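The values are calculated or read from the model by the stated rules, or taken from the named source; none is laboratory data. Quick caveat, the model's predicted, so the values are computed rather than measured. As a convention, Cβ positions derive from the backbone with ideal geometry for all residues, glycine included, and neighbour counts pool all protein chains shown. When the accessible area is computed, the model is the full protein with side chains, heavy atoms only, and any ligands, DNA or RNA have been set aside. Shrake-Rupley method; radii C 1.70, N 1.55, O 1.52, S 1.80 Å.
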Amino acid sequence: MPARSKPRLLLGLSGGIAAYKAAELTRLFVQGGVDVQVVMTEAACGFITPVTMQALSGKPVYKDMWDVRIDDNMAHIELSRGRDAIVIAPASADFLAKLAHGLADDLLSTLCLARDCPLFVAPAMNRQMWQNAATQRNVAQLNKDGVIVLGPASGDQACGEVGLGRMLEAAEICEDVLTALIEPKSLRGKRVLLTAGPTFEAIDAVRGITNRSSGKMGFAVARAAREAGAEVTIVCGPTTLVPPRACTLVRVESAEQMFGEVRARVERCDIFIGVAAVADYRPATTAEHKIKKSDRRMALELVPTTDILAHVADLPNPPFCVGFAAESRNLDEYAQDKRRRKRVPLLAANLVQQAMGADDNELVVFDDSGRHVLARAPKLDQARQLIAHVAELVAAKDGRS
Ligand code: C5P
């Protein structure tokens, strides 16, 4: 769970065209339950108005060292006290240079120097400014000083050039900052292997058998495991969703490919979580070319696929295994039966009518101690609760062995 119930951030904007992304970043932070105090440099106000930032953060915006709204006139100290981190987005080449040299000639740079919390910077500049030896020297110094540098990304730039220097997207910055700040890191040092999404079993060159799994729950569980400090590998069936950051992503299509990729990696993991909706059957043969339509009836012969979770749980020295069960009725009975049959210590069950494709979910978790309901919530919140539960069981298992 977050460092405290409502994380508190100071978002600083320096001057750059990417300042427009800071508006979206503020919205995402606020939506994610973060208290955001915005501070802007004079140059940032040339790109986006404090009014916009104030409306989005719901708090007065500060830019002036001599602002009389702070009781003791110590804005450069007061504004960062009690904050969990300072995030500078966009961080211009000039602002990075100031930070690297400890300059403090305006409110934002002074706040950074007087801080007692982590500092994140999201560089945003023209590619040549980024590549310049001076900027690279400054960034190396900031890394050495423990400043967390997010990005930059490569791509189209506002100046019309293409290259490295674009600020990361707001969602990427938000995810990276929250992942770093969320405590406890209950899975630090653990390697998690996870399956996600549907599978696609080809019938011919264009058709296939698949299911309604979106991959949302699998990606949420992967992100929650990452937030808890684990190293995460996702073996993922076809989905158009944006995957969580800082995870190794292996894309597959069929159940057989998913099994192959899991088998190749399972020896190196501590925890295996099967979230994927793996096809139980696949066509016995796949036609190389598109099957032509005719008036005759057609029968499709199906053969069972390998149960990946059961295979992993049955290994001589298995990782801690977590299964999922998507049922359309008799949730408890089927889930309990599945947990016993597949011999997994933890099984999370949900009703397909409520879960598939939805943003919210209600998981019922079964383990040796019984049945636990994780109250209906967004999938990421459910995933965080599930991972906290997994971490407790893994710690208890580690304590026993
Ligand atoms: O038996 P059922 O498909 O309902 O089991 C669901 C659980 O088993 C999920 O955790 C799913 O990822 C896993 N599974 C698997 N390989 C299969 C079928 C299911 O890993 N072939």
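Can you spot a residue in region 244-258 that is modelled with pLDDT under 95 and either outside the structural domain of residue 390 (by TED's automatic domain parsing) or at positive phi (or both)? Yes, region 244-258 contains a residue that is modelled with pLDDT under 95 and either outside the structural domain of residue 390 (by TED's automatic domain parsing) or at positive phi (or both). Taking (1) more than 16 Å from the ligand (Cβ to nearest atom); (2) at pLDDT 95 or above in turn, residue 320 satisfies each apart from (1). Of all residues in region 252-270, those satisfying the criterion of being of a type outside the set (Lys, Arg) and within 13 Å of the ligand (Cβ to nearest atom) are 252, 254, 255, 256, 257, 258, 259, 260, 261, 262, 266.
Can you run down the residue pairs with Cβ atoms below 6 Å, 6 or more apart or on separate chains, where the first is in region 299-316 and under 16 Å from residue 202 (Cα atoms) and the partner is in a loop (DSSP other than H, G, I, E, B) and within 9 Å of the ligand (Cβ to nearest atom)? Matching pairs, first to second residue: 305/279.
Residues that are in contact (Cβ under 8 Å) with a residue 60 or more places away in the chain and on the phi < 0 side of the Ramachandran plot number at least 3 in the following helices (runs of 4 or more DSSP H) confined to region 75-177: 107-113. Of the residues making up region 288-341, those that are of a type outside the set (Phe, Trp, Tyr) and assigned to a strand (DSSP E or B) number 9.
Scanning region 4-40 for residues that are in contact with an Asp or Glu (Cβ under 8 Å, 6 or more places away or on another chain) and open to solvent by less than 10 Å² (accessible area, probe 1.4 Å) yields a count of 2. Just wondering, is there one or more residues in region 300-316 that are at pLDDT below 95, open to solvent by 50 Å² or more (accessible area, probe 1.4 Å), of a type outside the set (Val, Ile, Thr) and more than 14 Å from the ligand (Cβ to nearest atom)? Within region 300-316, none of the residues are at pLDDT below 95, open to solvent by 50 Å² or more (accessible area, probe 1.4 Å), of a type outside the set (Val, Ile, Thr) and more than 14 Å from the ligand (Cβ to nearest atom). When the residues of region 274-284 are filtered to those that are more than 8 Å from the ligand (Cβ to nearest atom) and surrounded by 12 or more Cβ atoms within 10 Å (Cβ to Cβ), the one that is farthest from residue 203 (Cα to Cα) is 281.
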